[in-house]
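> Below is the structure I would like to discuss, written out as structure tokens.
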Amino acid sequence: MEVTINLPEGITAICKIKGNELERFLKRIIAVELYRERLVSMGKAAEIAEVSRYEMMDLLNEKGVPINYTVEDLEEDMKTLGKLLKPHVGGSRYEPILYDLQGDSS
């Protein structure tokens, strides 16, 4: 979705950013505020901000927003853990595999 808004002159100076960083800055602010108000999940906030879940957690921490860890978050983390671990051949032990956190395993 594309939206056009008029902002006051000097908004980038007020926000202490360069003009070409405004879109990224606004997406992150929107994501943080939607998460703070519990209108979106961590994953959705990360999607809006166009960052990983881990970067979103760091961003929320920087802004002093507590993490709302839900059952859905736990289920998603358990799925990720299942991808990170694979059964060891010939036994029930698990061994870690390299994972780039973007969905591709090595």
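> Counting only residues that are modelled with pLDDT under 85 and not β-branched (Val, Ile, Thr), give me the helices (runs of 4 or more DSSP H) lying completely in the chain with at least 2 of them. I'd like the intermediate steps shown before the answer.
Numbers: elements: 11-15, 22-36, 42-49, 53-62, 71-84.
Of the helices (runs of 4 or more DSSP H) lying wholly inside the chain, those with at least 2 residues that are modelled with pLDDT under 85 and not β-branched (Val, Ile, Thr) span 71-84.
> Here's something else I'd like to know. Give me the pairs, please: first residue somewhere in the range 49-75 and under 18 Å from LEU39 (Cβ atoms) and aliphatic (A, V, I, L, M), second residue anywhere and assigned to a helix (DSSP H, G or I) and modelled with pLDDT under 90, beta-carbon distance under 9 Å, and either six or more positions apart or on two chains.
MET56/MET42; MET56/GLY43; MET57/MET42; LEU60/MET42; ILE67/MET42; ILE67/ASP73
The values are calculated or read from the model by the stated rules, or taken from the named source; none is laboratory data. Quantities reported herein were computed from a predicted structural model and do not represent experimental measurements. In this analysis, Cβ positions are derived from the backbone assuming ideal geometry, glycine residues included, and neighbour counts consider all displayed protein chains.
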